[in-house]
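A short worksheet on the structure shown next.
The values are calculated or read from the model by the stated rules, or taken from the named source; none is laboratory data. Note that the coordinates shown come from a computational prediction; the quantities given were computed from them, not determined experimentally. Glycine gets a Cβ as well: all are built from the backbone with ideal geometry, and neighbour counts include every protein chain shown. Surface areas here come from the heavy atoms of the whole protein model, side chains and all, with no ligands, DNA or RNA. Shrake-Rupley method; radii C 1.70, N 1.55, O 1.52, S 1.80 Å.
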Amino acid sequence: MTSIDNVIDLPPISYVDYTSELQLPSIIHLIENDLSEPYSIYTYRYFIHNWPKLCFLAMDGDTCVGVIICKLDLHKQSNRGYIAMLAVAKEYRKRAIGTTLVQKAIHAMKEQDADEVVLETEYTNQGALALYQRLGFIKDKRLHRYYLNGVDAFRLKLFCKTMVKDREDREN
């Protein structure tokens, strides 16, 4: 069996909106396993309760295998989207789950009139940097010793008005 055959046999991943506090334990478990920063329950609730329409989950049956948590608010007279957390379970990587989650979030933010989307990622995280750069993000600045572990970060930025196609453009 070739590696392509293995991909074909994988069960499909479904993408769902955040709908309930009952999803929170799965979200927290996934993020705690994948991200270097510790977050309190209040951090999760801040984002999810204020911007529930900007939280998406990737599901393999009843198991949460990916999540993106975002917000959208005013920043210096523009609507700025922010990707706070993105995590995909290690055994589910290389299946475009992270890419799909980011695309869903970007388009949801654009539908809410986002001018730009920003995020931070560890400057050593080549997988994340490649994913975001493929989607049109650019390095905005390096943030020295940004994370609690002392690692630097890059702030990445996507300009929605000029770099993100509308759904109608993609469908034509």
**Request:** Could you please tell me which pairs satisfy a Cβ distance under 7 Å, a separation of 6+ or placement on different chains, a first residue in region 147-162 that is closer than 15 Å to Y82 by Cβ, and a second residue that is part of a strand (DSSP E or B) and of a type in the set (K, R)?
**Result:** F154/K139; F154/R142; R155/K141; L156/K139
**Item:** Any chance I27 is more than 21 Å from R155 (Cα to Cα), open to solvent by less than 30 Å² (accessible area, probe 1.4 Å), outside any strand (DSSP E or B) and touching a strand residue (DSSP E or B) at 6+ places or on another chain (Cβ under 6 Å)
**Value:** yes
**Complete:** Across (1) out of contact with any Phe, Trp or Tyr (no Cβ under 8 Å at 6 or more places or on another chain); (2) open to solvent by 60 Å² or more (accessible area, probe 1.4 Å); (3) among the aromatic types (F, W, Y); (4) modelled with pLDDT of 90 or more, Y39 clears everything bar (4)
**Message:** Let me spell it out: the conditions are (1) of a type in the set (G, A, S); (2) open to solvent by 30 Å² or more (accessible area, probe 1.4 Å); (3) modelled with pLDDT of 95 or more, and S3 meets all of them except one. Which number is the exception?
**Reply:** (3)
**Prompt:** Out of curiosity, is A58 among the small types (G, A, S) and open to solvent by less than 20 Å² (accessible area, probe 1.4 Å)?
**Reply:** yes
**Request:** Please list, ordered by first then second residue, the pairs with beta carbon atoms under 9 Å, 6 or more apart or interchain, first in region 25-47 and within 17 Å of G66 (Cα to Cα) and of a type in the set (V, I, T), second open to solvent by less than 50 Å² (accessible area, probe 1.4 Å) and part of a helix (DSSP H, G or I).
**Result:** I27/Y44; I27/I48; I28/Y44; I31/Y44
